[in-house]
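One structure is given below, encoded as structure tokens.
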Amino acid sequence: QVQLVESGGGLVQPGGSLRLSCAASGFSFSRYTMNWYRQAPGKERELVAGITSAGGSTNYADSVKGRFTISRDNARNTVYLQMNSLKPEDTAVYYCNAIGFYNYWGQGTQVTVSS
């Protein structure tokens, strides 16, 4: 059974930090590109960051460049999103996505940035 389980979301003040984790199981994690998406209320889901299967290449949305860092640990089947200098506009549900032979999604974790 394929599972992507996100954790680490929560409420944080502007300027604060959070680290999201996505634990994967049920598929060959090391063969998949991993992405983080987010969806704010009333908006379309958008790609935040991605990392290739071996971790050699990453990409980021312009809105998060310099603030967010995506990484992965293939030995632990886990992908991370370190989010620093958080802004209210980062408030959204964050989803983990695995793309390869198939396309898998997690259930999402809420991130709220507010004072």
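Here are the numbers:
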{"item": "Span from the region 70-115 Cα centroid across to the region 1-45 one, whole angstrom", "result": "2 Å"}
{"item": "Once exposed loop chymotrypsin sites (Phe, Trp or Tyr not before Pro) are cut out (DSSP; at most 14 other Cβ, 10 Å), longest piece of the chain", "result": "1-100"}
{"item": "Full-stretch length increase - Arg19, Gln1 - with 0.36 nm per residue and alpha-carbon distance subtracted", "result": "3.9 nm"}
{"item": "Neighbour-limited loop hits for trypsin sites (Lys or Arg not before Pro), region 11-59 (at most 10 other Cβ within 10 Å; DSSP other than H, G, I, E, B)", "result": "Lys43"}
{"item": "Proximal charge balance of Gly66 [Cβ under 14 Å; K/R count +1, D/E count -1]", "result": "+1"}
{"item": "Relative contact order for the chain, counting Cα pairs under 8 Å that sit 6 or more residues apart, in percent", "result": "36 percent"}
{"item": "Rounded to 5, percent antiparallel among DSSP beta bridges of the chain", "result": "95 percent"}
{"item": "Net charge contributed by nearby residues that have their C-beta within less than 14 Å of Asn77 (K/R +1, D/E -1)", "result": "+1"}
{"item": "Label-point gap, in nm, between Ser28 and Ile99 - each point 7 angstrom along Cα→Cβ", "result": "1.9 nm"}
{"item": "Area accessible to solvent at Met83, 1.4 Å probe radius, in Å²", "result": "0 Å²"}
{"item": "Unit charges on C-beta of K, R, D, E only; dipole of the chain, Debye", "result": "160 debye"}
{"item": "Fully extended contour minus Cα-Cα distance, from Ser85 to Ala40, at 0.36 nm per residue", "result": "14.4 nm"}
{"item": "Charge tally in the Cβ shell below 12 Å around Phe29, where Lys, Arg are +1 and Asp, Glu are -1, Phe29 excluded", "result": "+2"}
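The values are calculated or read from the model by the stated rules, or taken from the named source; none is laboratory data. This one's a predicted model, so the numbers in the text were calculated from it and none came from an experiment. Here the Cβ is made from the backbone with ideal geometry for all residues, glycine too, and neighbour counts use every protein chain on show. Side chains included, ligands, DNA and RNA excluded: accessible areas come from the protein's heavy atoms. Shrake-Rupley method; radii C 1.70, N 1.55, O 1.52, S 1.80 Å.
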